[in-house]
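Here is the structure we will look at, set down as structure tokens.
The values are calculated or read from the model by the stated rules, or taken from the named source; none is laboratory data. Quantities reported herein were computed from a predicted structural model and do not represent experimental measurements. So basically every Cβ, Gly included, is an ideal-geometry build from the backbone, and we count neighbours across all protein chains shown. The area values use the complete protein model at the heavy-atom level, side chains included, leaving out ligands, DNA and RNA. Shrake-Rupley method; radii C 1.70, N 1.55, O 1.52, S 1.80 Å.
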Amino acid sequence: MSRGKKHITLPPSDNNDDEKKIIRRETERKRRQQMTILCESLRSLLPFELIKGKRSASDHIGDAASYIKYLEEKNQELQIKRDNLKQEANQSLFGESSSHSNMVKCVSISPFPGGIIEISVDSGLEESSFPLSLLLEILMQEGCKVVSCVSTQVNGRLYHSIKAEVNNLESLDIAGLEQKLNGAIFWSIKDLL
């Protein structure tokens, strides 16, 4: 026997176990880093009042869950409020039965000397407004020459003032023209809703 150190070789399975341990540690380290990044991202989305004084990720996650529930409830409340406002707007615009005879009059026509008429239009809420070109087209079909058209927005409502010349003011059926313009507005808005 020769003097020397004995070499002990480990079975191959021990090397595999060490490699598996290293891989598991590395995977766990990456997972913790990813969780840290995600928790920081979540924390940045929460209102400051919720995270003030709290440092643990579990506190932030719990607060985030509560905040999400709060936002869902608030969203449902706002949807109900929006739907009620839409329904009220429809009822005030079209009347209770939404029939043509019950619609609110949006147009008024005032005659002036010299064959001039002024058409005042309250088109309602901006999101339910109608194409103004529709009214201008009807006026031209009725033989009116549009001289000016001014639109104004006040408190979310659109108002239009149209001045037009008429060849023979006495032969113009003002009430019939008002009804025709109101009907055009009624049906165009109803189609939008």
Here the qualifying pairs (Cβ atoms under 8 Å; residues six or more apart or on different chains; first in segment 137-166 and within 19 Å of A184 (Cβ to Cβ); second part of a helix (DSSP H, G or I) and of a type outside the set (A, V, I, L, M)) come out as I138/K180; E142/K180; R157/E126; L158/E126
Filtering segment 162-176 for residues that are of a type in the set (G, A, S) and assigned to a strand (DSSP E or B) leaves a count of 1
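For every residue, the table says whether it meets (1) of a type outside the set (A, V, I, L, M, F, W, C); (2) within 30 Å of K69 (Cα to Cα); (3) at pLDDT below 90.
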position	(1), (2), (3)
S2	yes, no, yes
R24	yes, no, no
R29	yes, no, no
R32	yes, yes, no
L38	no, yes, no
F48	no, yes, yes
I51	no, yes, yes
D59	yes, yes, yes
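Kindly provide the set of residues from segment 150-161 that are part of a strand (DSSP E or B) and open to solvent by 60 Å² or more (accessible area, probe 1.4 Å), ordered by number. Explain how you work it out, then say what you get.
Start the filter on segment 150-161 by keeping residues that are part of a strand (DSSP E or B), which leaves 150-154, 157-161.
Matches in segment 150-161: V150, S151, T152, Q153, V154, R157, Y159.
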Over segment 138-149, the set of residues of a type outside the set (A, V, I, L, M) and either at pLDDT 90 or above or surrounded by 13 or more Cβ atoms within 10 Å (Cβ to Cβ) (or both) is E142, G143, C144, K145, S148, C149
